[in-house]
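Trainee: Structure below; questions to follow.
The values are calculated or read from the model by the stated rules, or taken from the named source; none is laboratory data. Keep in mind the model is a prediction, meaning the values are calculated, not measured. All Cβ positions, even for glycine, are placed from backbone atoms using ideal geometry, and neighbour counts span all protein chains on display.
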């Protein structure tokens with residue numbers, strides 16, 4: 001990353017080349033995960049010999065907090081901690097507490113949330129809430145135990161994820177969202193059971209189209225089930241009506257059950273791209289910034305951090321990067337393709353989070 005010759009003080013309103021504001025920062029705190037989900041970290045790639053980052057290459061909690069403060073000055077109001085599996089990062093609640101101490105220019109509280117596979121949530125939920133975490137999003141790709149165990153590929157049980165959800169709810173985290181990635185021929189028969197199970201619960205279920213992130217998952221368009229088809233399938237059994245978005249840039253299209261049984265969401269990054277109002281920037285475990293989930297290269301912020309650059313210089317580098325951002329991969333993707341989209345190798349989801 002380059003530091004501009006002229007440094008300006010941040011004013012809380014930073015827009016990219018397409019006029020999109022910077023609002024969300026997603027921070028990967030580890031590249032490790034204890035699941036081997038077939039669409040993210042398949043065992044064939046992430047085996048026992050896979051070389052993870054040594055601890056010294058990871059950003060420290062102090063470095064993350066310093067960077068977060070700079071991004072908040074540029075308009076970030078929401079921080080999502082992700083991975084890998086973020087709860088594998090030791091003492092993560094300490095980082096949550098450090099982030100909670102940061103204020104926003106508007107005076108609104110910082111929204112701090114976390115995405116997890118739920119495996120460690122039952123034992124961590126209360127401590128995370130006490131430290132200042134607002135919400136969690138939990139990945140769960142099937143209600144049937146056999147299907148789920150095959151998908152996580154480490155023989156982890158559905159019941160343990162459901163226990164983590166209950167613990168998070170009891171701790172006061174919320175609203176809690178449950179994300180299901182739907183892959184044709186793998187777990188599509190779980191769509192209705194998941195909808196029925198979470199209907200009328202405290203949890204908001206969201207269906208995600210299987211995405212072409214990275215190269216490890218062997219993505220193919222034939223395995224994508226469009227959200228429109230899922231809406232139709234569910235509505236035939238459990239009638240749905242559309243609901244307005246909560247805010248500009250929300251990734252999920254919101255629907256509610258006609259009988260008042262709660263809300264369900266659909267994230268359609270393959271068939272209904274939402275690049276036009278994307279406000280998210282991603283920080284990798286080792287301090288590289290990615291301006292798109294489908295990016296092919298990162299920008300090394302850690303090098304500036306560890307070279308002793310001032311906050312003003314870091315702020316200037318971030319502003320320059322965001323102002324030059326033109327990413328809109330999903331809008332330009334050839335969705336009619338029957339095979340993987342060709343081109344430069346994209347960053348893996350396990351490296352920068354979803």
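Trainee: Could you tell me whether any residue of region 118-125 is under 27 Å from residue 288 (Cα atoms), assigned to a helix (DSSP H, G or I) and touching a strand residue (DSSP E or B) at 6+ places or on another chain (Cβ under 6 Å)?
Mentor: no
Trainee: If you don't mind, there's one more thing I want to ask. Checking residue 19 against (1) within 21 Å of residue 288 (Cα to Cα); (2) free of Cβ contacts under 8 Å to residues at least 12 places away in the same chain; (3) in a loop (DSSP other than H, G, I, E, B): exactly one of these is not met. Which one?
Mentor: (1)
Trainee: So how many residues does region 130-142 have that are surrounded by fewer than 21 Cβ atoms within 10 Å (Cβ to Cβ) and either outside any strand (DSSP E or B) or in contact with a helix residue (DSSP H, G or I) (Cβ under 6 Å, 6 or more places away or on another chain) (or both)?
Mentor: 4
Trainee: Same structure, new question: Of the residues 102, 110, which is touching a strand residue (DSSP E or B) at 6+ places or on another chain (Cβ under 7 Å) and either at positive phi or without any contact (Cβ under 8 Å) to a residue 40 or more places away in the chain (or both)? Before you say what the answer is, go through the steps one by one.
Mentor: Working: 102 fails: touching a strand residue (DSSP E or B) at 6+ places or on another chain (Cβ under 7 Å).
Of the residues listed, the single one that is touching a strand residue (DSSP E or B) at 6+ places or on another chain (Cβ under 7 Å) and either at positive phi or without any contact (Cβ under 8 Å) to a residue 40 or more places away in the chain (or both) is 110.
Trainee: Sort through 27, 79, 64 and tell me the only one that's touching a strand residue (DSSP E or B) at 6+ places or on another chain (Cβ under 8 Å) and over 20 Å from residue 278 (Cβ atoms). Don't jump to the end; show me each part of the working.
Mentor: Numbers: 27 fails: over 20 Å from residue 278 (Cβ atoms); 79 fails: over 20 Å from residue 278 (Cβ atoms).
Matching residue, one of 27, 79, 64: 64.
Trainee: Still on this structure, I have one more. Please list, ordered by first then second residue, the pairs with beta carbon atoms under 8 Å, 6 or more apart or interchain, first in region 261-281 and at positive phi, second outside any helix (DSSP H, G or I).
Mentor: Filtered contacts from region 261-281: 262/199; 262/200; 262/201; 262/204; 262/256.
Trainee: Quick check on residue 200: is it surrounded by fewer than 20 Cβ atoms within 10 Å (Cβ to Cβ) and in contact (Cβ under 8 Å) with a residue 24 or more places away in the chain?
Mentor: On the way: surrounded by fewer than 20 Cβ atoms within 10 Å (Cβ to Cβ): yes; in contact (Cβ under 8 Å) with a residue 24 or more places away in the chain: yes.
Criteria met by residue 200.
Trainee: Now, a different point. Give region 102-117 a look and list any residue that's surrounded by fewer than 22 Cβ atoms within 10 Å (Cβ to Cβ), outside any strand (DSSP E or B) and modelled with pLDDT of 95 or more, or say none.
Mentor: Listed by number, the residues that qualify are 102, 110.
A quick yes/no check of all residues on (1) under 23 Å from the mean Cα position of the chain (by Cα); (2) over 30 Å from residue 20 (Cβ atoms):
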| site | (1), (2) |
| --- | --- |
| 192 | no, yes |
| 200 | no, yes |
| 223 | yes, no |
| 231 | yes, no |
| 241 | no, no |
| 253 | yes, no |
| 271 | yes, no |
| 277 | yes, no |
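Trainee: So residue 279 fits all but one of (1) modelled with pLDDT of 95 or more; (2) in contact with a strand residue (DSSP E or B) (Cβ under 6 Å, 6 or more places away or on another chain); (3) crowded, with 18+ Cβ neighbours inside 10 Å; what number is the exception?
Mentor: (1)
Trainee: Read through the list (1) closer than 30 Å to residue 6 by Cα; (2) out of contact with any helix residue (DSSP H, G or I) (no Cβ under 9 Å at 6 or more places or on another chain); (3) modelled with pLDDT of 95 or more; (4) surrounded by 13 or more Cβ atoms within 10 Å (Cβ to Cβ), then give the number of the only condition that residue 256 fails.
Mentor: (1) is the only condition that residue 256 fails.
Trainee: Sort out for me the helices (runs of 4 or more DSSP H) sitting completely within region 282-354 that have 3 or more residues that are modelled with pLDDT of 95 or more and buried (at least 19 other Cβ atoms within 10 Å of the Cβ). Give the steps one after another, and end with the answer.
Mentor: Numbers: elements: 301-306, 311-323, 329-332, 349-352.
Because the criterion is at least 3 residues that are modelled with pLDDT of 95 or more and buried (at least 19 other Cβ atoms within 10 Å of the Cβ), the helices (runs of 4 or more DSSP H) in region 282-354 that meet it are 301-306, 311-323.
Trainee: Restricting the search to region 59-101, which residues are crowded, with 19+ Cβ neighbours inside 10 Å and assigned to a loop (DSSP other than H, G, I, E, B)?
Mentor: Across region 59-101, the qualifying residues are 59, 74, 75, 76, 77, 83, 84, 85, 89.
Trainee: Confirm whether residue 270 is in contact with a strand residue (DSSP E or B) (Cβ under 9 Å, 6 or more places away or on another chain), crowded, with 17+ Cβ neighbours inside 10 Å and either at pLDDT 95 or above or in a strand (DSSP E or B) (or both).
Mentor: Values: in contact with a strand residue (DSSP E or B) (Cβ under 9 Å, 6 or more places away or on another chain): yes; crowded, with 17+ Cβ neighbours inside 10 Å: yes; either at pLDDT 95 or above or in a strand (DSSP E or B) (or both): no.
Considered against the rule, which asks whether it is in contact with a strand residue (DSSP E or B) (Cβ under 9 Å, 6 or more places away or on another chain), crowded, with 17+ Cβ neighbours inside 10 Å and either at pLDDT 95 or above or in a strand (DSSP E or B) (or both), residue 270 comes out as no.
Trainee: Next up: Of the numbered conditions (1) part of a helix (DSSP H, G or I); (2) free of Cβ contacts under 8 Å to residues at least 40 places away in the same chain; (3) out of contact with any helix residue (DSSP H, G or I) (no Cβ under 6 Å at 6 or more places or on another chain), residue 165 fails exactly one; give the number of that condition.
Mentor: (2)
Trainee: Looking at residue 215, is it surrounded by 13 or more Cβ atoms within 10 Å (Cβ to Cβ) and modelled with pLDDT under 95? Don't jump to the end; show me each part of the working.
Mentor: On the way: surrounded by 13 or more Cβ atoms within 10 Å (Cβ to Cβ): yes; modelled with pLDDT under 95: yes.
Here the answer is yes, as residue 215 does meet what is asked.
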